[in-house]
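The values are calculated or read from the model by the stated rules, or taken from the named source; none is laboratory data. Note that the structure is a prediction, hence the values are computed from the model and not measured. When we count neighbours, we look across all protein chains shown, and the Cβ atoms used for this are built from the backbone with ideal geometry, even at glycine.
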Amino acid sequence: PSWECVQEVRPLGQRHGRCDAGTCLYPGGREHAEEEGPWQLQLCSSCAAEGTHRHCSSLGNSTYSWECNTCAGTDTGRHRSTRCPAPGTGTRLGLAAG
């Protein structure tokens, strides 16, 4: 499970609150974020143990899901970001082709 790779365990109800991008570009620093826009903190959709400012990981406003590098390298699903697929290009996750 993805939670096994989490290095720091947080108490229940405490949300991750820093940008873990390799290079954080926010002038206010890794520990600060804004409610929306390019400096909104996006948490990993699989483990919620890592986060990034949208701008620091080149995530647009249409990106509603992001996975950290640790989870993206596992069998948990998507890599980097998930956007609504274009009509007729949807994929089935977890289903064998047939």
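Residue-by-condition table, conditions (1) assigned to a loop (DSSP other than H, G, I, E, B); (2) modelled with pLDDT under 95; (3) touching an Asp or Glu at 6+ places or on another chain (Cβ under 9 Å):
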residue: Glu4; (1), (2), (3): no, yes, no
residue: Leu12; (1), (2), (3): yes, yes, no
residue: Glu31; (1), (2), (3): yes, no, no
residue: Gly37; (1), (2), (3): yes, yes, no
residue: Thr52; (1), (2), (3): no, no, yes
residue: Asp75; (1), (2), (3): yes, yes, no
residue: Pro85; (1), (2), (3): yes, yes, no
residue: Ala96; (1), (2), (3): yes, yes, no
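What pairs come out if I take residues in segment 37-61 that are of a type in the set (Lys, Arg) and pair them with residues that are not in a strand (DSSP E or B) whose C-beta lies under 8 Å away, six or more apart or interchain?
Arg54/Gly37; Arg54/Pro38; Arg54/Trp39; Arg54/Gly60; Arg54/Asn61; Arg54/Thr63
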